[in-house]
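Enquirer: Here's a structure for you.
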Amino acid sequence: MISYARQTHEEQPDAAPPPVEEHIAPAPRVSVQAFCETVETAAAVQSAGEDRRLGKAHLKIQMGGMAAAIEAYRSAPTPNVIVLESDGRNDLLSGLDQLATVCDAGTRVVVIGRINDVTLYRELVRRGVSDYVLAPVGAIDVVRSICNLFSAPEAKAVGRIIAVVGAKGGVGASTISHNVAWAIARDLAMDAVVADLDLAFGTAGLDYNQDPPQGIADAVFSPDRVDTAFIDRLLSKCTDHLSLLAAPATLDRVYDFGSDAFDSVFDTLRSTMPCIVLDIPHQWSGWTKRALIGADDILIVAAPDLANLRNTKNLFDLLKAARPNDRPPLYCLNQVGVPKRPEIAAAEFAKAIESQPIVSIPFEPQVFGSAANNGQMIAEISANHKSIEMFLQIAQRLTGRSETKKQKSSLFSPLIDKLRGK
């Protein structure tokens, strides 16, 4: 059912734009055919087809609008989704009636039109149109419309993938990703899973003090077995809200993968977990590039030196070009203030990247080293450590959520708890 609020933005020129944290779940493997009347709409649909969220969809664009669609499907089966552009009103309704005679059951229709009228909206709904988008449209409008056909509005928060990667080896990206995931689970009360993608040298199992017999390697090497039940058996429970898909961290086999090796794992995790944190190793291959580009949000962890600055800049440029309809990646500085080490100031880093770091985490070898050696998070080692607030800040920005408010305790809280128990 389409929402009429989508069609009334021309009547409200002062309405605020959608929030940057808007989450659009990617579309499954579907066929989409668009019949456009204007070059501008065709260009917007073409640009939408290059968006990461329609990466699995097969998109074909033709000119001619409604008449071309009716003629095309007289002798050919209809796709999963038909996108129609129309300028008229009566021609649109009569055309939809003709299209219905040649349209296969289950095909969904999205109409792009220029008439902002509630009566037309009701007629379109009565004829089974899945969505009506008011022209002129941008690429993100087309992406949103097609993707939302396959995701319930109440499930928008489900399946958010967050990718964390280091700009250089040894900058602490894994430590940051594990502590941020801990903050997402503990402070934001979101069910989350950490997927350790460094199969040879991953440290998530050590950091969470877990040694599961199975993990993500079992899924990657058995793609035909991957489903919800299989992934659930591979997950290791760390806390009530946090699970781990651990890496084997052994060298008894070589972990060379194709670019789509992790697709089935990510798709299954999306369908069951509200938040998936990918701990991506510092390497450049087809599958690491695909995982970064396909993520909903990205955090780059960098140390304040020249090599990290260059690599962060390169990652920013590539990701912004590959994800034109997404917000830019975030980055944080880590290990700031190493004694006697010359460093690039945060202001200079921000000037080169043209973006401010979300946080600058100081070099604290005693606390971070103790946590790593004990298999604990920073919050478990030192409950009041200043980095804990930084991890929460990162978690809030990446998930688009604010901190879960805790109930205030009072003098009578123990008595009230006893009465509730009775």
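The values are calculated or read from the model by the stated rules, or taken from the named source; none is laboratory data. Here the structure is a predicted model, which means the values were calculated and not measured. Note that each Cβ is placed from the backbone with ideal geometry, even for glycine, and that neighbours are counted across all protein chains shown.
Enquirer: Name the one entry in ASP196, ASP227 that is surrounded by fewer than 23 Cβ atoms within 10 Å (Cβ to Cβ), under 21 Å from the mean Cα position of the chain (by Cα) and either closer than 21 Å to ALA25 by Cα or not aromatic (Phe, Trp, Tyr) (or both).
Expert: Numbers: ASP196 fails: surrounded by fewer than 23 Cβ atoms within 10 Å (Cβ to Cβ).
None of the others qualify; the one that does is ASP227.
Enquirer: Does ALA48 satisfy being touching a helix residue (DSSP H, G or I) at 6+ places or on another chain (Cβ under 9 Å), assigned to a helix (DSSP H, G or I) and surrounded by fewer than 19 Cβ atoms within 10 Å (Cβ to Cβ)?
Expert: no
Residues are listed down the side, and each one gets a yes or a no for (1) in the same structural domain as PHE349 (by TED's automatic domain parsing); (2) assigned to a strand (DSSP E or B); (3) within 18 Å of the chain's Cα centre (by Cα); (4) polar (S, T, N, Q):
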residue: ILE161; (1), (2), (3), (4): yes, yes, yes, no
residue: VAL171; (1), (2), (3), (4): yes, no, no, no
residue: SER174; (1), (2), (3), (4): yes, no, no, yes
residue: ALA181; (1), (2), (3), (4): yes, no, yes, no
residue: ILE184; (1), (2), (3), (4): yes, no, yes, no
residue: LEU188; (1), (2), (3), (4): yes, no, yes, no
residue: PHE201; (1), (2), (3), (4): yes, no, no, no
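Enquirer: Another one. Name the residue, out of ALA261, ALA167, ALA219, ALA249, that is over 20 Å from LEU392 (Cβ atoms), more than 19 Å from the chain's Cα centre (by Cα) and surrounded by fewer than 21 Cβ atoms within 10 Å (Cβ to Cβ).
Expert: Residue meeting the stated conditions: ALA249.
Enquirer: Would you mind stating whether VAL137 is under 17 Å from VAL81 (Cα atoms), of a type in the set (A, V, I, L, M) and out of contact with any Gly (no Cβ under 8 Å at 6 or more places or on another chain)?
Expert: For VAL137, the condition - under 17 Å from VAL81 (Cα atoms), of a type in the set (A, V, I, L, M) and out of contact with any Gly (no Cβ under 8 Å at 6 or more places or on another chain) - is not met.
Enquirer: When residues of segment 331-378 are filtered for being among the small types (Gly, Ala, Ser) and out of contact with any strand residue (DSSP E or B) (no Cβ under 8 Å at 6 or more places or on another chain), how many remain?
Expert: Number of matching residues: 9.
Enquirer: Scan segment 249-284 for residues that are within 14 Å of PRO26 (Cα to Cα) and in contact with a Gly (Cβ under 6 Å, 6 or more places away or on another chain) and jot them down.
Expert: Correct list: ARG270 only.
Enquirer: Related question: Can you tell me which residue among LEU59, LEU84 is touching a residue at least 40 places away in the same chain (Cβ under 8 Å), in a strand (DSSP E or B) and in contact with a helix residue (DSSP H, G or I) (Cβ under 9 Å, 6 or more places away or on another chain)?
Expert: LEU84
Enquirer: Given the criterion buried (at least 19 other Cβ atoms within 10 Å of the Cβ) and in contact (Cβ under 8 Å) with a residue 12 or more places away in the chain, identify the matching residue among VAL109, VAL118, VAL102.
Expert: Being buried (at least 19 other Cβ atoms within 10 Å of the Cβ) and in contact (Cβ under 8 Å) with a residue 12 or more places away in the chain holds for just one of VAL109, VAL118, VAL102, which is VAL109.
Enquirer: Need pairs with beta-carbon distance below 9 Å; first residue farther than 9 Å from TYR208 by Cα and within segment 363-377, second among the hydrophobic types (A, V, I, L, M, F, W, C) and exposed (fewer than 15 other Cβ atoms within 10 Å of the Cβ); sequence gap 6+ or separate chains.
Expert: PHE363/VAL338; PRO365/VAL338
Enquirer: While we're here: Any chance you could count how many residues in segment 205-243 are in a strand (DSSP E or B) and out of contact with any helix residue (DSSP H, G or I) (no Cβ under 6 Å at 6 or more places or on another chain)?
Expert: The number of residues fulfilling the criteria is 3.
Enquirer: Sticking with this structure for a sec: Return the residues of segment 121-147 that are assigned to a loop (DSSP other than H, G, I, E, B) and either of a type in the set (A, V, I, L, M, F, W, C) or touching a residue at least 60 places away in the same chain (Cβ under 8 Å) (or both); say none if nothing qualifies.
Expert: Those that are assigned to a loop (DSSP other than H, G, I, E, B) and either of a type in the set (A, V, I, L, M, F, W, C) or touching a residue at least 60 places away in the same chain (Cβ under 8 Å) (or both): VAL129, SER130, ALA135, PRO136, VAL137, GLY138.
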